[in-house]
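Values in this text are rule-based calculations from the coordinates and carry no lab data. Remember, it's a predicted structure, so these values are computed and weren't measured experimentally. Here Cβ is always computed from backbone atoms with ideal geometry, including for glycine, and neighbour counts include all displayed protein chains.
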Amino acid sequence: MTSKDIILVPIGFTDQSIVALKQAVTIARITNSELFLLSVVEMPTAIQKIFSDFEEKQKLFKEKLRENLIELSNKYCDGISNVEYFVKSGKIYEQITELADSVNASLIVMGTEGTPKEIKKKFIGSNANKVVRSATCPVITIKGKSISNNCDIIALPLDLNKETREKVTNAIQFARLFSSEIVAFSISYDNDDESIKNKLNRTLSQVCEFITSKGINCKTELVNISASYSFSGSIINYTKDINADLIMIMTKGENNLDLNFLGSNARKLINKSDIPVMSIRPSIKKDTTSFTIQ
């Protein structure tokens, strides 16, 4: 991130979106980034047809939302060089990703309460997963209720997928900003073939060597679990045990059937982890700072 980077924060005026705003403010202060606050009005077409004065009512509603965004900024965004406000109409996740692209946002920070069971939680429920899948910039999703002023430990789960092994540049960049240590780890089932465990250990060793060559402290661990244990649950438990401040994962884009980090576990991790999760889509362009696993 650079001094002119933009952090986009979708605001649904729920407690969880306020937590996300607070965390975004912390990151913005450290990186000297601008904050763009976004609220989205999502109104069913049927309701628009009922009221003849719908457009006027929507205009007034948008003005009120903008005032509310300014109030939040005055309350929480002290010390930020520039804060801008946006109120859009349409599908929530589409407006978030479209604005992120149009302003060339470097990061999206948003709250999530996992799979929503109530309509009022829709903004920070399923939309968080959709944003992760469609956004071209990294997305930090926050389910926990507390924020961290530091990022001492970045947890970097790895499997044998080429993209998750090669794309560690974002972890290094973030670690430099926060003087973080990176803990690279892999999950291995106790009934895995020994050759798989050897490949995972070799990957971890090469990743660690690459990270340390960039001046970042790095530790590695192969975490062995029972075949009956949940994969995503084991990641969550391990990151809690090491007191991680951020979990960094790679995901596939919207054209894929699922969020393809370590299989289908990305969605579960995003929905259940109280530790913030940064999701990054692999770049189409070749990353010249990456490395090749032998």
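What the table below lists for this structure:
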| item | result |
| --- | --- |
| Packing-based order for 240-247, 225-232, 209-216, 152-159, using average beta carbon neighbours within 10 Å, highest first | 152-159, 240-247, 209-216, 225-232 |
| Residues V25, V19, sorted so that the one with the fewest Cβ neighbours within 10 Å comes first | V19, V25 |
| Sorted peptide list for 171-183, 194-206, criterion being average Cβ within 10 angstrom, highest first | 171-183, 194-206 |
| Gyration tensor verdict on the stretch 153-280 (Cα atoms; rounded if a/c is under 1.5, prolate if a/b is larger than b/c, oblate otherwise) | rounded |
| Listed pairs K130/K268; K59/K88; K91/K268; K4/K214; K199/K219 exceeding 20 Å between Cα atoms | K91/K268; K4/K214 |
| Sequence-distant residues sharing a close amide H with A155 (under 5 Å, placed H) | V183, D245, L246, I247, M248 |
| Residue-count net charge about S230 - beta-carbon cut-off 11 Å; Lys, Arg +1, Asp, Glu -1 | +2 |
